[in-house]
Amino acid sequence: MPSVSSHVARTLAAHVDHVFGVMGNGNAWFLDALERETGAQFTAVRHEVGGVVAADAYFRASRRLAAATATYGAGFTNTLTALAEAAQARVPLVLVVGDEPTSGRRPWDVDQIALASAVGARTYTVGRTDAAATTVTAIEHALAYRRPAVLAIPYDVGGLEAGEPGVTPEPRLPRPMAPAGVFATRAVAEAAQALASAKRPFLLAGRGAWLAGAGEALGEIAAATGALTASTALGRGVFPDGRYDLGVTGGFGAERAMELVHEADVAVVFGASLNQFTMRFGELFAPGTRVVQVDVAPAATHPHVGAFVRGDAAIVARALVAELHALGATPPGWRESVDVAALAA
């Protein structure tokens, strides 16, 4: 009969095709079921932290749910640095781990739930009768909140017979946030008007724009308005036309390129939190720059923001494209007047 670990492996494999990690006796039942009963591929690494790093990189390259695995105790604690990074970077990742038995902690066990919580990851512990459903819940949490979730299999539960798995529901995911209400509609229209009338327009995209798949629409905005573009470190490559891209803003930015950003009269920011490094500690924009921020956060995330549109970066960008076309926006020629490649070098 299928085991508890089999239920976990089968359910997870319905949503991922790769798992990275290190085998130990806490996750051996899971990996055996993954190899024998699913089409998912397991890639073994030398160290548990490398398994989570590999899964993190897999998501960043593919935008697909990532999965890693480790055993209990020291195997789990070895993952913590990479798990903390994944939590900070909002990476949807499921880490399947062994855990202490239901009878209580052994000398080599640690409080894994508390350690995971300390770095920003929530733990879901499977039981004999709910392993598949709990796995779906962990997947749902990772995808809905863009956070790593730890899926723990107690040592004395993983090999228990659990019967044939029933039908498990698909994870419920929130829809991309669209601007709602008359105020949001007006804010989009005003942002489009500002871009259409700008003499030196600038677009900045962050990881939120990359996650939303906003690149095509952002490229259309840049082409319609003649805007120079740049990104945060985690938004690199989102703009389809690199000829007018100044690279990464902030402390990683080229000095002369950042001086050019300071000349912008209108800046629209998509999916970037405008932290102190991106903002060059408040010096990125000039005092007279009109800054519009598009984000799913409840409110603007920097005091220099003068107008805020709450919504998914791709949805708002497409709405701006429509508004700009209706306005008949034309490029002012600013970006063609500068040697972008030389400034960004």
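The values are calculated or read from the model by the stated rules, or taken from the named source; none is laboratory data. No experiment lies behind these values; they were computed from the predicted model shown. So basically every Cβ, Gly included, is an ideal-geometry build from the backbone, and we count neighbours across all protein chains shown. Just so you know, the surface numbers come from the protein's heavy atoms only, side chains and all, with ligands and any DNA or RNA stripped out. Shrake-Rupley method; radii C 1.70, N 1.55, O 1.52, S 1.80 Å.
Decide, for segment 182-343, between rounded, prolate and oblate: order the square roots of the alpha carbon gyration tensor eigenvalues as a ≥ b ≥ c, take rounded if a/c falls under 1.5, and otherwise choose prolate if a/b is larger than b/c, else oblate. Note, shape of segment 182-343 comes out rounded. Counting only protein chain heavy atoms and rolling a 1.4 Å probe, the accessible areas of 207, 90 rank, largest first, as 90, 207. Residues of segment 21-54 with the amide nitrogen closer than 19 Å to a label point 7 Å from the Cα of residue 77, along Cα-to-Cβ, please. Output list for this probe position: 22-27, 47-52. Name all residues of segment 68-88 having a backbone nitrogen under 16 Å from the label point set 7 Å from the Cα of residue 111 along its Cα→Cβ direction, giving them as ranges. So the set is 73, 77.
Positive contributions from Lys and Arg (+1) and negative ones from Asp and Glu (-1), summed over other residues with Cβ under 9 Å from the Cβ of residue 265, come out at +2.
Shape call for segment 269-345 from the C-alpha gyration tensor, a ≥ b ≥ c root eigenvalues: rounded (a/c under 1.5), prolate (a/b greater than b/c) or oblate? Walk me through the numbers on the way to the answer.
Numbers: a/c = 1.92, a/b = 1.04, b/c = 1.85.
The shape class here is oblate.
Would you please name the trypsin sites (Lys or Arg not before Pro) within segment 1-65 that are DSSP coil residues with at most 16 other C-beta atoms within 10 Å of their C-beta? Qualifying residues, ordered by number: 46, 63, 64.
Normalised by 2.2 N^0.38 Å, where N is the number of residues, the alpha-carbon radius of gyration of the chain equals 1.16. Averaging the Cα positions of each part gives two centres, and for segment 241-301 and segment 122-172 these lie 41 Å apart.
Charge tally for residue 76 (other residues, Cβ to Cβ under 14 Å; Lys, Arg +1; Asp, Glu -1): -3. Note that segment 43-128 presents 44 Å² accessible area per residue, ligands and nucleic acids not counted, probe 1.4 Å.
Among residues other than residue 144 whose Cβ falls under 13 Å from its Cβ, what is the net charge (Lys/Arg +1, Asp/Glu -1)?
Every neighbour counted, the sum reads +4.
Per the 1.4 Å probe, what fraction of the accessible area of the chain, in percent, lies on carbon and sulfur atoms? Accessible surface attributable to carbon and sulfur in the chain totals 54 percent.
Applying 1/(1 + (r/R0)^6) with r as the Cβ-Cβ distance of residue 283 and residue 130 and R0 = 51 angstrom yields a FRET efficiency of 0.45. Classify segment 4-154: rounded, prolate or oblate, from the alpha-carbon gyration tensor (a ≥ b ≥ c, eigenvalue square roots; a/c under 1.5 rounded; otherwise prolate if a/b is larger than b/c)? In terms of gyration-tensor shape, rounded.
For residue 61, project a label point 7 Å along Cα to C-beta. Then give me every residue of segment 30-46 with its amide nitrogen under 16 Å of that point. Answer for this model: 41-46.
Taking 7 Å steps out from each Cα toward its Cβ at residue 41 and residue 255 produces label points 4.6 nm apart.
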